[in-house]
Amino acid sequence: MCSCMHKYDAKVDSVLQVTKENYDSCNTSKPLKQYNDGDTKFELDNSGAYFFISGAPDHCAKGQRFILLYSF
C-alpha cells in the first residue's frame, strides 16, 4: 500500500478522483471519490493509474489535475 498527501485551500477547492475518460474531459459530475478537507491523504492499494482533478469550476481546464502511477 502507498500513501500520498496533497494540500490545497479547502475553502475554494476540492480534489476529485475520476476515471481516465473524466480526467481527459475534466468532467466533475461523477467522481469516484471526492476530497474536500484541504489535507488529503490518498491510500493506493492496487497497481495502476489514479486520476485526480480539481473540483472547482474551470480549474481542471486550466491544468489543475494530476495522475498518480503506483506499482509494487
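The values are calculated or read from the model by the stated rules, or taken from the named source; none is laboratory data. This is a predicted model, so every value here is computed, not measured. Here the Cβ positions follow ideal geometry from the backbone for every residue, glycine too, while neighbour counts run over all protein chains shown. Accessible surface is based on the protein model in full, side chains and every heavy atom, while ligands, DNA and RNA are left aside. Shrake-Rupley method; radii C 1.70, N 1.55, O 1.52, S 1.80 Å.
Observations on the structure shown:
- Test result for D24, among the acidic types (D, E), part of a loop (DSSP other than H, G, I, E, B) and out of contact with any strand residue (DSSP E or B) (no Cβ under 6 Å at 6 or more places or on another chain): no
- Of F66, F51, all but one fail to be touching a helix residue (DSSP H, G or I) at 6+ places or on another chain (Cβ under 6 Å) and surrounded by 10 or more Cβ atoms within 10 Å (Cβ to Cβ); the exception is F51.
- Within region 1-13, considering residues that are in a strand (DSSP E or B) and either closer than 10 Å to I53 by Cβ or not aliphatic (A, V, I, L, M) (or both), the one most open to solvent (accessible area, probe 1.4 Å): K7
- The residues on offer are L32, L16, and the sole one that is hydrophobic (A, V, I, L, M, F, W, C), open to solvent by 50 Å² or more (accessible area, probe 1.4 Å) and without any contact (Cβ under 8 Å) to a residue 40 or more places away in the chain is L32.
- Considering residues of region 35-48 that are in a strand (DSSP E or B) and farther than 17 Å from M1 by Cα only, the residue most open to solvent (accessible area, probe 1.4 Å): D39
- Number of positions in region 1-47 that are under 17 Å from G63 (Cβ atoms) and small (G, A, S): 2
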